[in-house]
Amino acid sequence: LVSRKKKSADTVVEINGEKIGTGSPSFVFGPCAVESYTQVAEVAAAIQAKGLKLIRGGAYKPRTSPYDFQGLGLDGLKILKQISQEYGLAVVSEIVTPSHLDEALDYVDVVQVGARNMQNFELLKAVGSINKPVLLKRGIAATLDEFIHAAEYIMSQGNDQIILCERGIRTYERATRNTLDISAVPILKQETHLPVFVDVTHSTGRRDILLPAAKAAIAIGADGVMAEVHPDPAVALSDAAQQMNLQQFDEFYNSLQNFMKTHEVH
Ligand code: PEP
Ligand code: MN
């Protein structure tokens, strides 16, 4: 169902007036994790000031260590909902288990399925039965064929509002947190009719190369870019090394806009 052979026209996912998949790049910014109302509000104000329509933030965090910050859970979703109403932003947030899904639908506009859950087939089937868009991240060691099949699980249940997100894969290279597989973008766009995002934060894990990575994503035809922004990354409860602060976000976004203008991407 997700195959281009089945449907040749691009799927457009509309969220909060933002049309994703029309050729004009969309942007999802926000903190790695929801930590407090003020923390998210500061980022939301910066996003709103740029005229953007979406915000991200994790309430359920899939952490490597059980002793690391696990997210605020339902309280985090409530903060996101309040922010959404106050700033007019649609919320993208990860749900890690089907048992949280029903409740979460009252608070989130886009359900993110994280890299670690790309092959959690029961979760895929569950998000396949909702009528909200799903942002599906590529698994840490998933082939593109496995990624496409994961999207197929969702669509096979009736939900055709799916955004694919390349977020880097594990290789032997240690200079970056993961290896951004930039060629995944045109391949996924050839093989499927779904919009494709690139998460520059988790793929590179390096603040110093977020901008060139985002330029590459746009140049190669990505429908959107995701990146993490935190008011004070040094004290962030997760991903402290790679989130942009508000000034860095401002420079990142303006540079990207200039790049898009110069290269006539609108
Ligand atoms: C995230 O986007 O918050 C996240 C945990 O990313 P990933 O699932 O790609 O590691
Ligand atoms: Mn993160």
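The values are calculated or read from the model by the stated rules, or taken from the named source; none is laboratory data. Note that the structure is a prediction, hence the values are computed from the model and not measured. All Cβ positions, glycine included, derive from the backbone under ideal geometry; neighbour counts span all protein chains shown.
Take the conditions (1) under 15 Å from ILE163 (Cα atoms); (2) out of contact with any strand residue (DSSP E or B) (no Cβ under 9 Å at 6 or more places or on another chain); (3) modelled with pLDDT of 95 or more; ASP109 misses just one of them, which is (2). For region 13-43, a residue qualifies if it is within 23 Å of ALA216 (Cα to Cα), among the small types (Gly, Ala, Ser) and within 16 Å of ligand 2 (Cβ to nearest atom), and exactly one does: GLY30. Please give the number of the condition PHE69 fails out of (1) closer than 17 Å to GLY114 by Cα; (2) out of contact with any strand residue (DSSP E or B) (no Cβ under 7 Å at 6 or more places or on another chain). Here PHE69 clears every test but (2). Working carefully through the options ALA90, ALA46, ALA115, find the one that is within 14 Å of ligand 2 (Cβ to nearest atom), buried (at least 17 other Cβ atoms within 10 Å of the Cβ) and modelled with pLDDT of 95 or more. From the options ALA90, ALA46, ALA115, the qualifying one is ALA115.
So which residues in region 49-62 are within 13 Å of ligand 1 (Cβ to nearest atom) and surrounded by fewer than 16 Cβ atoms within 10 Å (Cβ to Cβ), if there are any at all? The one that is within 13 Å of ligand 1 (Cβ to nearest atom) and surrounded by fewer than 16 Cβ atoms within 10 Å (Cβ to Cβ): PRO62. If you take the residues in region 2-32 that are in contact with a Lys or Arg (Cβ under 8 Å, 6 or more places away or on another chain) and more than 19 Å from VAL198 (Cα to Cα), which one is surrounded by the most Cβ atoms within 10 Å (Cβ to Cβ)? Among those residues, the one meeting the criterion is ASN16. Put simply, of ARG167, ARG206 the only residue that is under 28 Å from LYS7 (Cβ atoms), out of contact with any Pro (no Cβ under 6 Å at 6 or more places or on another chain) and of a type outside the set (Ser, Thr, Tyr) is ARG167.
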